[in-house]
Amino acid sequence: MLSAISYSFAVVFVRYAYRAGISPGTAIFLRFTIASLALVGGLVLTRRWTRLPRSQTLALFLMGLLAYTTLGTTWFVALSTTPAWLVSLIAATYPLLVNVGAWLFLGDRPDTLRILTLALVLGGSIALFWRPFEEVAMAGVWLMLLNVVVNALYVLVGQRWTRGVAPSMSAAWMIVGATVGTFFYALLSGQFAFDFAPIGWLWAGLFAIVSTALAITFLWWGIGLLGPSRATILGALEPLGSVLLSVLVLGENLFPLQIAGGVLILTGVMLVRTNLKKSDTR
């Protein structure tokens, strides 16, 4: 839940970063560069940096390089050609893909309560972002479908390579990999530019620390405790938090259907928490 809340603040930080004149490519690069410096520096200074086996280090690095570079670039490019509501709607299918993948490949068969919870969260997400259908660029749709598939694989594959590693160490190596990948993306796309307003550094820093370093660390900490299926259901708080922050901070409008969607998501999240408490009691 802390990971989802940290991610949800990204909508505010990115919006203000753009207003300061930061280009999308530079924003993605600064996000991971600042986050890697903060996380690696913090681990070294507190003497919590540990040496991992080379195979595990390489796997975590490649996960960040391939997954986060793909996730960041497909999301931004899709937004440039496809309505934001449709991008968010497709992204909302991510918990469903993770649960199906965990069932098929990890043997994590969902019980009746988890299926009900997943249905509530998925239905709530659809209601949260639904808009009357309009003609859209299919390229953006295909990019977002690639986005959610890569995101699901990232979580499922990461189960193996993050096992037995401190969440902060897993996050550090992934973010270092993402820094390398987004550097080449910004360079090759011609979006490397640092002639933005000084206030942009504040928003880029908050984006990096809160919505990247902390969010990714909390994510893998939570997945290690709960497993990917339950963790991604709780992650549905992210789009809900983003919508609420857009209303409260950015002054956007909230419609009745979105309120109903938010209620469904919160109901699903509370069911997960209730089920976890019952499991702890047993």
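If you check every pair at least six apart or on different chains, which have Cβ atoms under 7 Å apart with a residue in the stretch 173-187 that is over 12 Å from residue 212 (Cα atoms) first and a residue that is modelled with pLDDT under 95 and not in a helix (DSSP H, G or I) second? Pairs found: 186/192.
Results for (1) of a type in the set (D, E, K, R); (2) within 17 Å of the chain's Cα centre (by Cα); (3) surrounded by 19 or more Cβ atoms within 10 Å (Cβ to Cβ); (4) under 30 Å from residue 25 (Cα atoms), shown as yes or no for each residue.
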site	(1), (2), (3), (4)
41	no, no, no, yes
56	no, no, no, yes
59	no, no, yes, yes
64	no, yes, yes, yes
72	no, yes, yes, yes
78	no, yes, yes, yes
99	no, yes, yes, no
108	yes, no, no, no
116	no, no, no, no
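Scanning the stretch 13-26 for residues being buried (at least 19 other Cβ atoms within 10 Å of the Cβ) and farther than 18 Å from residue 242 by Cα gives a total of 5. Considering the stretch 27-39, and only residues there that are under 22 Å from residue 166 (Cβ atoms) and among the small types (Gly, Ala, Ser), the residue that is surrounded by the most Cβ atoms within 10 Å (Cβ to Cβ) turns out to be 35.
Restricting the stretch 158-189 to residues that are assigned to a loop (DSSP other than H, G, I, E, B), small (Gly, Ala, Ser) and modelled with pLDDT under 90 leaves a set whose member that is nearest to residue 43 (Cα to Cα) is 164.
Of all residues assigned to the stretch 142-157, none qualifies as being in a loop (DSSP other than H, G, I, E, B) and either within 23 Å of residue 62 (Cα to Cα) or more than 19 Å from the chain's Cα centre (by Cα) (or both). Remark: residue 22 matches the filter, which requires a residue to be among the aliphatic types (A, V, I, L, M), modelled with pLDDT under 95 and not in a helix (DSSP H, G or I).
The values are calculated or read from the model by the stated rules, or taken from the named source; none is laboratory data. Fair warning: this is a prediction, and the values are worked out from it, not measured in the lab. FYI the Cβ positions are ideal-geometry reconstructions off the backbone, even for glycines, and counts take in every protein chain you see.
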